[in-house]
Amino acid sequence: YTYTSAFIPQNASEASYSLPVPSDTNASWRVSYYFWGGGIFLLNGYFSENGTQLQPELATLLTGQINYSGINLTLLKAPTISGTVYLPGTNTAPAGGMTVEIYAEDITYQYGQVSTSVFIAENESQASYSLPVPSTSTASWQVRYSYWGGGVYLQNGYYSESGTQWQYDLASPLQGGADHNGINLTLLIGNTISGKVILPDSQTAPAGGMYF
């Protein structure tokens, strides 16, 4: 493959590009954009005579050893899943605040998963999120939080219309190809199992200790 870059300046809406490719009659070129800036735009899209496409198999292939012009790409706008992450009851974030990851996973196994994170500031109890997802009506999104900060909260909880659930099979899937607002998640508090991890036969940990 070969590539180039284009820069759209502030307050502009387009930029031109020119991409040299090998002159080979056996070549068949598939043209795409890649955008890593996040926000409301999808990561990539493929040139098609019918307009930019999400799926590479829908791209229009360009025969080699020919000059082409007008191979235009329009960035694909992503639908968004948005909502608020809450701490339960009267709980607030500890000193230094806390970061919670939000994941949307396609349970049809076609489009993988995407994620974002929210930061709940010290002494606050909630934070809003907005998560762009691939623009496809065939996806079915399962939304969950993931929190690895320890303490009283469960590591994972799944969005459900009846409230956040710890079982993934109780999650309410979201139809792809549309915006979904009010997809709120509340961190779950569970019971605790505690005890000790003991080395056998009076053995002791080596230099640097041992993690379990």
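The values are calculated or read from the model by the stated rules, or taken from the named source; none is laboratory data. From a predicted model like this one, the values you see are computed outputs, not experimental measurements. Virtual Cβ from ideal backbone geometry, glycine too; neighbours counted across all protein chains shown. Accessible surface is based on the protein model in full, side chains and every heavy atom, while ligands, DNA and RNA are left aside. Shrake-Rupley method; radii C 1.70, N 1.55, O 1.52, S 1.80 Å.
Comparing mean-square fluctuations of P79, P200, P22 from a GNM of the chain with C-alpha springs under 10 Å, the top value falls on P200. Alpha carbon centre of the range 24-61 versus the range 94-119: separation in Å? Distance between centres, Cα-based: 26 Å. Computed with every protein chain present, the accessible area of T192 is close to 120 Å² [probe 1.4 Å]. Of all the options Y17, Y145, Y153, the one that moves most in a Gaussian network model of the chain with Cα springs shorter than 10 angstrom is Y17.
Out of the range 39-122, which GluC sites (Glu not before Pro) are coil in DSSP terms and have no more than 15 other C-beta atoms within 10 Å? Each step should come with its number before you reach the end.
Numbers: sites: E49, E57, E101, E105, E122; in loops: E49.
Hits after loop and neighbour filter: E49.
How would V114, V100 line up by accessible area, probe 1.4 Å, largest first? If you can, show how the numbers build up before the last one.
Values: V114 35, V100 0 Å².
Reading off the accessible areas and sorting them downward yields V114, V100.
Charge tally around S115: other residues with Cβ under 14 Å, Lys/Arg +1 each, Asp/Glu -1 each, net -2. Would you mind getting me the FRET efficiency between Q53 and A205? Use the beta-carbon distance for r and R0 = 45 Å, nearest 0.05. Result of the calculation: an efficiency of 0.20. When the Cα positions of S125, L170, Q142 are compared along the charge dipole of the range 72-174, Q142 comes out farthest toward the positive end, with charges on each C-beta of Lys, Arg, Asp and Glu.
Modelled spin-label separation between I193 and Q167, with each label point placed 7 Å from Cα along the Cα-to-Cβ direction: 1.8 nm.
Identify which of V197, V31, V152 has the largest mean-square fluctuation in a Gaussian network model of the chain, with springs joining Cα atoms closer than 10 Å. Fluctuation is largest for V197. So for the range 170-212, Kirkwood radius off the Cα pairs, Stokes-Einstein at 4 °C and 1.567 mPa s: how many µm² s⁻¹? Calculated translational D: 79 µm²/s. One quarter of the surface of the convex hull around the alpha-carbon atoms of the range 69-116 equals 6.6 nm², the direction-averaged projected area.
Plugging the Kirkwood radius over Cα pairs into Stokes-Einstein for the range 1-132, at a temperature of 25 °C and a viscosity of 0.890 mPa s, what D comes out in µm²/s? Let's see the in-between values first.
Working: Rh = 18.2 Å.
The calculation lands on 135 µm²/s.
Only the Cβ atoms of Lys and Arg (+1) and of Asp and Glu (-1) were treated as charged; on that basis the dipole of the range 43-144 about its Cα centre amounts to roughly 120 debye. Extension gain, E124-A27: 0.36 nm per intervening residue step, less the Cα-Cα distance, totals 29.2 nm.
For a paramagnetic label modelled at 7 Å from the Cα of S146 toward its Cβ, which residues of the range 75-106 fall within the zone defined by backbone nitrogen distances under 17 Å? Answer for the range 75-106: 99-106.
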